[in-house]
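**Q** Starting off with a structure, shown below.
Just so it is clear, none of the values below were taken in a lab; they were calculated from the coordinates. Keep in mind it's a predicted model, so treat the numbers as computed, not measured. Here Cβ is always computed from backbone atoms with ideal geometry, including for glycine, and neighbour counts include all displayed protein chains.
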Amino acid sequence: MLELERITAGYDRRAPVVRELSLAVADGEAVGLLGPSGCGKSTLARVAALLHRPYAGTVRLAGRPAGGFRFRAPREQRTAVGLVFQQPRLAADPRMTLRQLIAAPAHATGRGDELAGRVDEWAATVGLTTELLTRHPHQVSDGQLQRACVARALLLRPALLICDEMTAMLDASTTAALVAVVEEYRAASGAALLAVGHDRVLLRRWCDRVVDFPAVQSNRSETAPTSSPSTSSTTEAKTS
Amino acid sequence: MTEAPPTTRPAPPARRSPEGEPLLSVAGLSVRFLMPGGRDVAAVEDVSFDLAAGECLALVGESGCGKSVLASALLGLLPANAMVRGGARLAPEGPDLLTADQATLSRTVRGRRLGLIPQSPSAHLTPVRTVRSQLEETVREITDVPRSKLRAAGERAAERAAFPLDHLDRHPHQLSGGLAQRAATALALVGDAPLLIADEPTTGLDRDLVDRTVDELRRHVDDGRGLLVITHDLAAAERIADRVAVMYAGRIVELARADAFFGSPGPRHPYAAGLLDALPERAFTPIPGMPPELDALPAGCAFAPRCPAATDACGALPALAGGVACHHPREAARA
Ligand code: SF4
């Protein structure tokens with residue numbers, strides 16, 4: 001479903017945070033990408049979601065090379081990928097109600113009316129009441145807002161879901177609830193998953209396999225990740 | 001002390017307060033917010049606990065359960081529309097944290113008797129100044145170390161927090177998350193306060209760093225300080241705490257020894273049990289539903305709508321008795 005080949009990316013050509021990294025997620029597969037915060041794994045997730053143009057390397061979705069990045073990404077490739085970020089507040093327009101927020105991708109693709117019923121279905125699936133749907137982001141908790149963001153990401157039934165630290169701000173019960181929603185969707189749809197995170201226990205429980213993000217060069221301090229000579233990934237078996 | 005620490009840890013020296021005397025005594029603490037439109041939000045309801053020297057109490061619960069409001073109350077950081085009842089006395093002869101005025105708090109309490117280890121150290125540190133200059137300024141403010149000894153005193157504080165001395169001349173943005181946390185901890189330790197409050201000290205850190213941060217905080221407890229940790233991270237709480245207090249909808253629903261709670265016989269309150277079962281290293285099953293809104297709490301037990309054990313009896317508010325506030329606590333002896 002997703003093939004990343006020798007991706008080099010970042011925000012400064014002289015010091016890319018991702019170097020020559022390759023990673024593949026098969027159809028229906030769940031892959032966890034594990035790394036400490038600030039190591040560049042979120043950048044890789046944004047490249048995979050066609051939100052960030054890499055300096056070098058190839059991205060293929062369902063076998064086809066990415067037709068472009070950001071606003072140049074072709075619509076059918078963009079809508080094939082659902083994305084959930086770490087910080088729901090940064091990913092939610094404060095002027096929208098939760099209902100509008102969940103429905104936004106449908107409106108963006110001109111399918112607002114067609115998908116109106118699905119908004120309520122997804123809201124119920126992620127555990128949001130009708131009353132909560134009328135509220136604005138500042139009137140709900142982080143957990144409730146992230147529930148809405150998950151519903152939004154699933155609305156167009158993506159073939160690939162990318163969750164970038166989706167649960168880092170959430171408590172244990174909301175984490176378990178949202179992972180269950182994602183897994184039910186995947187079981188029903190056969191969608192693939194790339195889950196990016198720093199919690200090994202969580203990713204091993206959630207994913208078919210877990211890949212360690214290759215350590216990157218860092219000039220920051222002794223507690224930053226140590227550099228590793230190889231960019232090859234190590235994988236571990238799922239624990240359950 | 002009323003509560004013995006677990007036998008796996010050495011008995012605390014209790015050097016800062018006389019035997020049996022808690023460092024902090026919170027009694028019947030309630031915080032309500034009057035919101036525009038007449039909404040009345042009960043964020044903290046009737047919370048009581050003691051914290052002794054050489055002891056770590058972890059206050060755990062989901063976001064919105066009231067634990068951060070409780071922390072703000074203890075730190076004198078509540079907004080003006082908060083109404084506070086109850087007491088939070090610093091022992092043995094200290095002022096009440098809830099009624100002391102800001103001048104008293106900043107002159108005699110903060111940093112001197114009570115050190116705060118903040119949630120986001122980067123926000124707590126001044127970005128344009130080096131760690132060294134911030135440490136020295138704090139030393140100057142709250143101790144009577146003479147000017148000539150400032151540098152040495154700053155370095156001592158850094159060492160106590162395991163902050164590497166060769167990083168002292170860096171600015172906060174040049175530090176990793178772990179080192180920023182240690183810098184903030186060093187600032188909290190400058191005044192050698194007997195009581196520390198850590199507010200979500202591990203948020204955003206990855207697991208290895210969580211373990212290390214928590215172990216470093218634990219050292220200050222083993223040195224005889226009292227530590228209140230407010231956290232939603234149950235694994236961190238298990239690693240550091242002697243006792244846990246579980247909060248739900250503004251109330252403490254279970255107060256237990258950490259070894260009994262996380263190990264055997266396990267939690268006794270159905271909510272606490274659900275919270276542990278949600279962990280990916282345990283059953284990974286969520287508690288159904290969501291916490292109630294604090295301005296629309298159900299009468300009786302606030303957990304009833306989500307509780308598998310609820311009966312008609314739960315329409316009456318369960319009191320915290322024997323460490324658990326529940327009409328049908330789980331059997332203490334579980335197979
Ligand atoms: S009092 Fe009743 S509803 Fe509340 S936790 Fe106990 S059994 Fe459940």
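**Q** Hey, what angle do you get for helix A:172-189 against the long axis of chain A, alpha-carbon based, 0 to 90 degrees rounded to 10?
**A** With rounding to tens, the tilt is 90 degrees.
**Q** Considering the convex hull of the alpha carbon atoms of segment B:74-129, report its projected area averaged over all viewing directions, in nm², one decimal.
**A** 5.1 nm²
**Q** Roughly speaking, what % of Cα-Cα pairs in segment A:86-157 are separated by over 18 Å, rounded to a whole number?
**A** In whole percent, the long-distance tail amounts to 27.
**Q** In whole angstrom, note down how far apart the Cα centers of segment B:308-325 and segment A:25-45 are.
**A** Their Cα centres are 44 Å away from one another.
**Q** Moving on. Largest first, please: the extent of the C-alpha atoms of segment B:114-233 along each principal axis, to the nearest Å.
**A** In descending order, the Cα extents are 42, 32, 20 Å.
**Q** To the nearest whole percent, what portion of all C-alpha pairs in segment B:217-270 is separated by more than 19 angstrom?
**A** On the way: 392 of 1431 pairs.
I get 27 percent for the Cα pairs in segment B:217-270 exceeding 19 Å.
**Q** Beyond 21 Å, what share of the Cα-Cα pairs of segment B:201-312 is found? Please give it as a whole percent.
**A** Of all Cα-Cα distances in segment B:201-312, 44 percent exceed 21 Å.
**Q** With an 8 Å Cα cut-off and a minimum separation of 6 or more residues, compute the relative contact order for chain A in percent.
**A** Computed over chain A, the figure is 26 percent.
**Q** Tilt of helix B:150-160 relative to the longest C-alpha principal axis of chain B, in degrees (0 to 90, nearest 10)?
**A** Roughly 40 degrees, rounded to the nearest 10.
**Q** Write down the percent of antiparallel bridges among all DSSP beta bridges whose residues are both part of chain B, to the nearest 5.
**A** 55 percent
**Q** Summing -39500 (n - 2.57) over the DSSP H runs of n ≥ 4 in chain B and dividing by its residue number, what mean residue ellipticity at 222 nm do you reach, to the nearest 500 deg cm²/dmol? Working shown, then result.
**A** Numbers: 9 runs with 85 residues, N = 335.
My calculation for chain B gives -7500 deg cm²/dmol from helical runs alone.
**Q** Quick one: putting +1 on the C-beta of Lys and Arg, -1 on the C-beta of Asp and Glu, what dipole do you get for the protein assembly as shown around its Cα centre, in Debye to the nearest 20?
**A** Dipole of the protein assembly as shown, to the nearest 20 debye: 1480 debye.
**Q** Still on this structure, I have one more. Rounded if a/c is under 1.5, else prolate if a/b is larger than b/c, else oblate: which is chain B, with a ≥ b ≥ c the root eigenvalues of its Cα gyration tensor?
**A** Prolate, since a/c reaches 1.5 and a/b exceeds b/c.
**Q** Still on this structure: Between A:ASP208 and A:GLU184, with labels modelled 7 Å along Cα→Cβ, what's the label distance in nm to one decimal, could you check?
**A** Between A:ASP208 and A:GLU184, the simple spin-label model gives 2.3 nm.
**Q** With springs connecting C-alpha atoms under 10 Å apart, model chain B as a Gaussian network and identify which of B:ARG107, B:ARG89, B:ARG257 has the largest mean-square fluctuation.
**A** Of the options given, B:ARG107 has the highest mean-square fluctuation.
**Q** If a paramagnetic tag sat 7 Å from the Cα of A:PHE71 along the Cα-Cβ line, which residues of segment A:3-32 would have the backbone N under 15 Å from that point?
**A** None, by backbone N distance to the label point.
**Q** Quick one: compute the contact order of chain B, relative version, from alpha carbon pairs under 8 angstrom and 6+ residues apart, as a percent. Numbers along the way, then the final one.
**A** Values: 652 pairs, mean separation 68.1, N = 335.
For chain B, the relative contact order is 20 percent.
**Q** Between B:ALA184, B:ALA299, B:ALA249, where does the largest GNM mean-square fluctuation fall for chain B, given springs only between Cα atoms within less than 10 Å?
**A** Comparing B:ALA184, B:ALA299, B:ALA249 in a Gaussian network model of chain B, the most mobile one is B:ALA299.
**Q** OK, next. Could you calculate the contour length gain from B:ASP295 to B:SER48, that is, 0.36 nm times the residue separation minus the distance between their Cα atoms, to one decimal place in nm? Mind dumping the intermediate values first?
**A** On the way: separation 247, 0.36 × 247 = 88.92 nm, distance 2.15 nm.
Gain in length upon complete extension: 86.8 nm.
**Q** Ok, one more. If I model a spin label as a point 7 Å beyond the Cα along the Cα-Cβ vector, how far apart are those points for B:LYS149 and A:ASP27 in nm?
**A** The modelled label-to-label distance comes out at 7.5 nm.
**Q** Something else now. What do you get when you divide the Cα radius of gyration of segment A:1-160 by 2.2 N^0.38 Å, with N the number of residues?
**A** Normalised Cα radius of gyration, segment A:1-160: 1.11.
**Q** Only residues of segment B:142-174 count here: report those whose backbone N is under 18 Å from the spot 7 Å along Cα→Cβ of B:SER106, or say none.
**A** In segment B:142-174, the label zone of B:SER106 (backbone N under 18 Å from the point 7 Å along Cα→Cβ) covers B:142-143.
**Q** Would you calculate the separation in nanometres between label points at A:HIS107 and B:GLN174, each defined as 7 Å from the Cα along the Cα-to-beta-carbon direction?
**A** With each label placed 7 Å out from Cα toward Cβ, I get 4.7 nm.
**Q** I need the calculated FRET efficiency for the pair A:GLU114 and A:ASP93, taking r as the beta carbon distance and R₀ as 22 Å, to the nearest 0.05. Don't skip to the answer; put the middle values down first.
**A** Working: r = 22 Å, r/R0 = 0.99.
It comes to 0.50.
**Q** Of all DSSP beta bridges in the protein assembly as shown, what percent run antiparallel (nearest 5)? Mind showing how you got there, number by number?
**A** Values: 40 of 77 bridges.
In the protein assembly as shown, approximately 50 percent of DSSP beta bridges are antiparallel ones.
**Q** Mind checking the mean number of beta-carbon atoms from other chains within 10 Å of the Cβ atoms in A:131-140?
**A** Mean shielding count: 1.
**Q** Highest mean first, how do A:152-161, A:48-57 rank when packing is the count of other Cβ atoms within 10 Å averaged over residues?
**A** A:152-161, A:48-57
**Q** Would you look at the GNM of chain A, springs on alpha carbons closer than 10 Å, and say which of A:ALA92, A:ALA172, A:ALA45 moves the most?
**A** Per the Cα network of chain A with a 10 Å cutoff, A:ALA172 tops the list.
**Q** Classify the protein assembly as shown: rounded, prolate or oblate, from the alpha-carbon gyration tensor (a ≥ b ≥ c, eigenvalue square roots; a/c under 1.5 rounded; otherwise prolate if a/b is larger than b/c)? Walk me through the numbers before you get to the answer.
**A** Numbers: a/c = 1.87, a/b = 1.30, b/c = 1.44.
It is oblate, given that a/c is not under 1.5 and a/b is not larger than b/c.
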